[in-house]
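Read-outs: derived from the displayed coordinates by stated rules, not from any lab. Given the structure is predicted, the values throughout are model-derived calculations rather than measurements. Cβ placement follows ideal geometry from the backbone for every residue including glycine, while neighbour counts extend to all protein chains displayed.
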Amino acid sequence: VMIDTLLYLKSMDGSMDGVNDSVVSEFVLIGLSNSWKMHLFLFWFFFVFYMGTILGNLFIVVTVIIDSHLHSPMYFLLANISTLDVGLSSTTVPKMISDLFTNCNIISFPKCMTQIFFIHVMGGVEMVLLIAMAFDRYTAICKPLHYLTIMSSKMCVSFVVVAWIVGIIHAVSQFVFVINLPFCGPNKVDSFYCDFPRVMKLACVDTYKLEFVIIANSGFISMATFFSLIVSYIFILVTVWKRSSGDLSKAFVTLSAHITVVILFFMPCMFLYVWPFPATSLDKYLFIVDFAITPILNPAIYTLRNKDMRIAMRRLGKQIVGSNRIS
């Protein structure tokens, strides 16, 4: 028993002398506020928005799958974005709700790293899918006669596959550096979730070089994708304006929902990842938009302002009511 104990202690000592000499087994998430009244408000805020996100996005996915009239490229991509919104919100909001309810804001080291990984995987996937949605709208508005040929089933599936490949590469390329950082002292994360900039500040080594990795990866991708999408939407509007003698109303209504989602999704990302390690805590409040507000806006924007979706939901509602009457 003594020999086994010594071997265990030696292996532990060796691991501490290695690259990943972490002795921190858990992190404390400071959260958003210490006020009891604010805790109560935030609990109901996150709970209501999270339930709306889950129910709204899953209803979109089910409607697209069941209704054959929605078996088109745009709704296929929309269903994938809705699925991602459920996943992205679920990586942080349930933990936040639990912390506010139990007042236990501790997260283990493995769970913290897992949260970081999935946030960036799904964030990277959603960026690519937003580009795919922009390409879909460009094809539908600017090349309507070739729409079904260009946006074929094979093209749509390719977009989704490429999106997941890009998302995984995006996450892994940063994660491999952070997972091997030594954490041997401070363990208080000034946020309600784990992410690269906040967690890296707690490392026992100088992470100055890793800041450039974050800027070159998350920051550059966020800015490049955002401005590419804005330029593409402007190009679409200009094309429509030239073809319709200045009447932009229909195209603007169609694209305004997409532009709104893009702005709300990318602004917090650019604020945090283009200037890592902020001196203020503003970023954690901005990311409430990405994790709680934007995921519920997607079903509201794409559903309430879309005639085909409203008709499909009525048909689905009638089917459900009819089946209940029969039973």
*asked:* Per residue of region 185-192, what does 6.51 cos²θ - 1.76 cosθ + 1.60 with θ = phi - 60° give for ³J(HN,Hα)? Whole Hz please, x for Gly and Pro, Karplus curve as stated.
replied: x, x, 9, 9, 9, 7, 6, 9
*Report, by chain and number, residues whose modeled amide H sits under 5 Å from the one on Val189, excluding near sequence neighbours (fewer than 5 apart, same chain).*
Val28, Leu29, Ile30
*Simple spin-label model, 7 Å along Cα-to-Cβ: His146 to Ile215 in nm?*
4.0 nm
*asked:* Restricting to Cα atoms and excluding each atom paired with itself, what does the Kirkwood estimate give for region 132-175 in Å?
replied: 11.6 Å
*May I ask you to compute the full-extension gain from Lys242 to Ile165, defined as 0.36 nm times their residue separation minus their alpha-carbon distance, rounded to one decimal in nm?*
24.0 nm
*For region 78-114 and region 191-246, what is the separation of their Cα centres, given in Å?*
22 Å
*Could you give P(r) for region 53-207, binned at 5 Å from zero, as whole percent values over all Cα-Cα pairs?*
2, 8, 15, 16, 16, 13, 10, 8, 6, 4, 2, 1, 0
*For region 39-110, what is the largest minus smallest coordinate of the Cα atoms on each principal axis, given in angstrom and ordered from greatest to least?*
47, 28, 15
